[in-house]
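K.L.:
Structure in structure tokens, see below.
Rule-based calculations on the coordinates, nothing more; no lab input. Note that the structure is predicted; figures quoted are calculated from it, not measured. No Cβ is skipped: glycine too gets one built from the backbone with ideal geometry, and neighbour counts run over all protein chains shown.
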Amino acid sequence: MKLLSTATMFASVLMAGTVLAQDSLPLKELPDIGEREYWVPEEVNAEGKLEALQAVVGSEGVPYSGTLDDPIQIALIYPSADTSDFWARNYLALTKRLEELGIKYETTEFASRQIEHSLQSTYANQVAQDSDLYDYVIFGPSELAIQADNIDKLAGSDGFRTYVWAFHTPLKDLENQPDVWFDFSSAAGALVMCDYMLERLGNDVTMALNRGIPGITDNQRSGDFKACVEEKGNWNTIYEHYGEYQREGGYEGTSFILQSYPEATVIHNANTAMAMGSVEAQIAAGKEKEVFSTGWGGTGLELDAIRRGELNATPMRMGDDVGAATAEAIKADLEGRGEELPLVFLGRITVAHDQMEDAELDQLQEEAFRFSGIKALDR
């Protein structure tokens, strides 16, 4: 480790005694716990800790109360060479929030593409071997199961704190849990969207789905939403199309729904691309005013479609929350308050919809990307 302030060293000693031991998890059990190889946030977060950190992240930053002799050293191992701007935006959110908090830092990035699993392993080994160079390691796994051993290795290091980005399902068989997992929950977004749709559209609605690819993400975005509206509102799901998260899939699925199931008054889309394809198909058929359409994520494309009256609603992620929350976790660690942190942080999700004024949509967009900016990033 580098030479840090007395406050930092004290915090490290204090934190070492407060990290949840592996054998203390889960804190509570949900009914399907035995069917999963991972825990969900509700099983591992102590009551109130997630909500407390979400409130901090959504507020103005309060400067770090201590002093640092040298900048903290942060290693980032993540697939930032891929097309998604999730990594770049949260890097900006992390660093700008640290600056807002008055915490001096230096970063070392180990970039890869999503499919370069072996390269990530090489980076993880390198950082673990050089543990004395870093205070904090942020790991964005290329894929959770493939990188499980590397997560375990990094989390087991005595030289630094380990934070995981883009996953919120702590694996049960890890010997060493990271200090915090940071992500957005598709399951939480599905429930937020369910409540909104039931309040707005009521019960006994006939719905069709443009689903993504079979797997955990679509099971949550589509499956959890479907289960919620069917159970709470007696909705009827008349057709489900797997559009593979592609614009063409949304177009083809919606064209078929409009022709074969005209009684469907809601089309739920599991991502932005399919939502845009769905909107195109409705416009081509002249039925965009007859169907209530949803998207997912609250991207700029979706918000523009809402402004044009083509899309009705979408669960919108406050995109910069992950990076900002990581900065707040670093501050809490430096101040000896690591025990206040949840094991799993989930970014905030709200619903953007067509009953909002443009100014309200603008405000949501500015909040979501308050650090990284609302314009597209240069890649």
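K.L.:
If you average the sequence gap of Cα pairs under 8 Å that are 6 or more apart and divide by the length of segment 185-227, what percent do you get for the contact order?
P.N.:
Taking the mean separation of contacting Cα pairs over the length of segment 185-227, I get 67 percent.
K.L.:
Please report the net charge: other residues with Cβ closer than 12 Å to the Cβ of Gln114, K and R +1, D and E -1.
P.N.:
For residues surrounding Gln114, the net value is -2.
K.L.:
Just want the ordering: Phe184, Phe139, from fewest to most Cβ atoms lying within 10 Å of their own Cβ.
P.N.:
Listed from fewest to most nearby Cβ atoms, that is Phe184, Phe139.
K.L.:
Please work out the Cα center distance from segment 216-253 to segment 164-209, rounded to the nearest Å.
P.N.:
When both Cα centres are located, 14 Å separates them.
K.L.:
Please arrange Val180, Val322, Val205 by counting, for each residue, the other beta carbons lying within 10 Å of its beta carbon, fewest first.
P.N.:
Arranged by neighbour count, lowest to highest, Val180, Val322, Val205 become Val205, Val180, Val322.
K.L.:
Could you give the longest part of the chain that holds none of the GluC sites (Glu not before Pro) found in DSSP loops with at most 12 neighbouring Cβ atoms within 10 Å?
P.N.:
61-174
K.L.:
What percent does the relative contact order of the chain come to when contacts are Cα pairs within less than 8 Å and at least six residues apart?
P.N.:
21
K.L.:
Now for a different question. Please report, in debye to the nearest 20, how large the charge dipole of segment 286-366 is about its Cα centre when each Lys and Arg carries +1 at its beta carbon and each Asp and Glu carries -1 there.
P.N.:
Value, rounded to 20: 260 debye.
K.L.:
Calculate how steeply helix 6-16 sits against the longest principal axis of the alpha-carbon atoms of the chain, using the helix alpha-carbon long axis, and give the answer as 0 to 90 degrees to the nearest 10.
P.N.:
So the helix axis and the longest Cα principal axis differ by about 60 degrees.
K.L.:
Between the alpha-carbon centers of segment 30-92 and segment 292-329, tell me the distance in whole angstrom.
P.N.:
Cα centroid of segment 30-92 versus Cα centroid of segment 292-329: 19 Å apart.
K.L.:
Next question, about the same structure. Per residue of segment 42-50, what does 6.51 cos²θ - 1.76 cosθ + 1.60 with θ = phi - 60° give for ³J(HN,Hα)? Whole Hz please, x for Gly and Pro, Karplus curve as stated.
P.N.:
Running phi through 6.51 cos²θ - 1.76 cosθ + 1.60 with θ = phi - 60° gives 5, 8, 10, 8, 5, 4, x, 5, 5 Hz.
K.L.:
So what J values fall out for segment 287-298 if you push phi through Karplus, 6.51 cos²θ - 1.76 cosθ + 1.60 with θ = phi - 60°, rounded to Hz, Gly and Pro as x?
P.N.:
Result, ordered by residue: 10, 5, 8, 9, 10, 8, 10, 10, x, 7, x, x Hz.
K.L.:
Need the C-alpha centroid separation for segment 331-347 versus segment 124-138, integer Å.
P.N.:
Segment 331-347 and segment 124-138 have Cα centres spaced 20 Å from each other.
K.L.:
Using a simple charge model, +1 on the beta-carbon of Lys and Arg, -1 on the beta-carbon of Asp and Glu, nothing else, what dipole does segment 70-217 show about its Cα centre, in debye to the nearest 20?
P.N.:
Value, rounded to 20: 440 debye.
K.L.:
Right, here's the next one. Write down the percent of antiparallel bridges among all DSSP beta bridges whose residues are both part of the chain, to the nearest 5.
P.N.:
In the chain, approximately 15 percent of DSSP beta bridges are antiparallel ones.
K.L.:
Given Met276, Pro315, Gln54, which one lies farthest toward the positive end of the charge dipole of the chain, if we put +1 on the Cβ of every Lys and Arg and -1 on the Cβ of every Asp and Glu?
P.N.:
Met276
K.L.:
Give me the compactness ratio for segment 238-286, meaning the Cα radius of gyration over 2.2 N^0.38 Å.
P.N.:
In units of the globular-protein estimate, segment 238-286 measures up at 0.97.
K.L.:
If you take the charge dipole of segment 333-379 about its Cα centre, with +1 on Lys and Arg Cβ and -1 on Asp and Glu Cβ, which of Gln365, Gly347, Leu377 is farthest toward its positive end?
P.N.:
The residue sitting most towards the positive pole is Leu377.
K.L.:
Just to be sure I understand the curve: with the Debye formula and one point per C-alpha of segment 247-362, what is log10 I(q)/I(0) at q = 0.11 Å⁻¹?
P.N.:
For the requested q values the scattering log ratios are -0.46.
K.L.:
Continuing with this model, one more query. Student exercise: in the chain, how many lysine pairs 8 or more apart or on different chains have Cα atoms under 19 Å apart?
P.N.:
Taking the chain as the scope, the lysine pair count is 10.
K.L.:
Write down Rg/Rh for the chain, rounded to two decimals, with Rg from the C-alpha atoms and Rh from the Kirkwood relation over Cα pairs.
P.N.:
0.99
K.L.:
In a GNM of the chain with a 10 Å cut-off on Cα contacts, which of Trp87, Trp235, Trp296 has the highest mean-square fluctuation?
P.N.:
Taking springs between Cα atoms under 10 Å, the residue moving most is Trp235.
K.L.:
Evaluate the charge dipole of the chain about its Cα centre and quote only its size in Debye, nearest 20, assuming +1 on the Cβ of each Lys and Arg and -1 on the Cβ of each Asp and Glu.
P.N.:
Magnitude of the dipole: close to 420 debye.
K.L.:
Angle check, please: helix 86-101 long axis (alpha carbons) against the longest principal axis of the chain (alpha carbons), in degrees 0 to 90, nearest 10.
P.N.:
50
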